[in-house]
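Colleague: Quick one: structure below, then a few questions.
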Amino acid sequence: NAGVTQTPKFQVLKTGQSMTLQCAQDMNHNSMYWYRQDPGMGLRLIYYSASEGTTDKGEVPNGYNVSRLNKRELSLRLESAAPSQTSVYFCASSSPSQRGGHNEQFFGPGTRLTVL
Amino acid sequence: GQQLNQSPQSMFIQEGEDVSMNCTSSSIFNTWLWYKQDPGEGPVLLIALYKAGELTSNGRLTAQFGITRKDSFLNISASIPSDVGIYFCAGRGRGSNYKLTFGKGTLLTVNP
């Protein structure tokens, strides 16, 4: 059981380049999320997918797109990378908790992206 | 949007000391969560709190859901070197089954 996996672990891009971050979970969770983490900012939600076939914007969606490829996978696309998108990106997944809501989110190890 | 104020931003303590950190919110939360992030890793859930006044322990960790539903604290007793990391509070507000709001984190350093 690998949990949540992310590829790549590290990436350096030039301004204007595009790339896709991949995330997969093997816990049969319905919901998946993409966050970014910046120094002193905590985790901010970019997009989430409540269930297969749906995606919704989070707190900071501008400059990103997501695709829920199937129940296991959620990808994050940067069409034209900008230096402001230099960050650590975390994918997470969850299923409903016993007390309601999707509280226990399981996180992947992160992708460290630098945009020059 | 909802905001969480987490304090302190960082702490430097000696092994064996107790630690306390807290989060306050500008609005009511239905759920409070505490996560720990080790260097180079993703956050891991430590404790989840679901109702006002609830006090929950996980080993040397104890967390409480404030009565006003706008705050929570986390205590770590008898700290050890492996407690080093960033601790995040997170809250889930009304009408939001999926979205968590995270605090900015408390960086804990434990000197052996």
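Yes or no, residue by residue, for (1) under 23 Å from A:TRP34 (Cα atoms); (2) out of contact with any strand residue (DSSP E or B) (no Cβ under 7 Å at 6 or more places or on another chain):
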site	(1), (2)
B:LEU4	yes, no
B:GLN14	no, no
B:ASN30	yes, no
B:ALA48	yes, no
B:ALA52	no, no
B:THR68	no, yes
B:ASP83	no, no
B:ILE86	yes, no
B:ARG94	yes, no
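Colleague: Turning to a different aspect of this structure: Quick check on my filter: what residues within the range B:10-33 are of a type in the set (A, V, I, L, M, F, W, C), loosely packed, with under 15 Cβ neighbours inside 10 Å and in a strand (DSSP E or B)?
Modeller: Scanning the range B:10-33 gives a single hit, B:PHE12.
Colleague: With respect to A:VAL4, is the statement that it is closer than 24 Å to B:ILE86 by Cβ and either touching a residue at least 60 places away in the same chain (Cβ under 8 Å) or hydrophobic (A, V, I, L, M, F, W, C) (or both) true?
Modeller: When the stated conditions are applied, A:VAL4 passes them.
Colleague: Of the residues in the range A:16-55, how many are at positive phi and in contact (Cβ under 8 Å) with a residue 12 or more places away in the chain?
Modeller: Residues in the range A:16-55 being at positive phi and in contact (Cβ under 8 Å) with a residue 12 or more places away in the chain: 3 in total.
Colleague: Somewhere in the range B:25-36, is a residue farther than 22 Å from A:LEU45 by Cβ, of a type in the set (A, V, I, L, M), modelled with pLDDT under 95 and over 15 Å from the mean Cα position of the chain (by Cα)?
Modeller: No, the conditions are met nowhere in the range B:25-36.
Colleague: Additional query: Yes or no: the range B:40-60 includes at least one residue that is surrounded by 13 or more Cβ atoms within 10 Å (Cβ to Cβ), among the aromatic types (Phe, Trp, Tyr) and part of a strand (DSSP E or B).
Modeller: For the range B:40-60, residues surrounded by 13 or more Cβ atoms within 10 Å (Cβ to Cβ), among the aromatic types (Phe, Trp, Tyr) and part of a strand (DSSP E or B): absent.
Colleague: Moving to a separate point now. Taking the residues in the range A:72-116 that are among the charged types (D, E, K, R) and modelled with pLDDT of 95 or more as candidates, determine which candidate is nearest to A:GLN11 (Cα to Cα). Steps first, please.
Modeller: The initial filter retains those residues of the range A:72-116 that are among the charged types (D, E, K, R), namely A:72-73, A:77, A:79, A:99, A:104, A:112.
With modelled with pLDDT of 95 or more added as a condition, the list becomes A:72-73, A:77, A:112.
Details: A:ARG72: 23, A:GLU73: 20, A:ARG77: 13, A:ARG112: 6 Å.
Here the residue is A:ARG112.
Colleague: Quick check on the range B:69-102: of everything there that is part of a loop (DSSP other than H, G, I, E, B) and in contact with a Ser or Thr (Cβ under 9 Å, 6 or more places away or on another chain), which residue is modelled with the lowest pLDDT?
Modeller: The qualifying residue modelled with the lowest pLDDT is B:ASN97.
Colleague: Taking B:LYS36 as the residue in question, decide whether it is touching a strand residue (DSSP E or B) at 6+ places or on another chain (Cβ under 7 Å) and outside any strand (DSSP E or B).
Modeller: So B:LYS36 does not fit the description; no.
Colleague: Which of the strands (runs of 3 or more DSSP E) contained wholly in the range A:29-116 include at least 2 residues that are within 11 Å of chain B (Cβ to nearest Cβ) and hydroxyl-bearing (Ser, Thr, Tyr)?
Modeller: The strands (runs of 3 or more DSSP E) meeting that bar are A:31-38, A:42-49, A:87-94.
The values are calculated or read from the model by the stated rules, or taken from the named source; none is laboratory data. Everything quoted here is computed from the prediction, not taken from an experiment. When we count neighbours, we look across all protein chains shown, and the Cβ atoms used for this are built from the backbone with ideal geometry, even at glycine.
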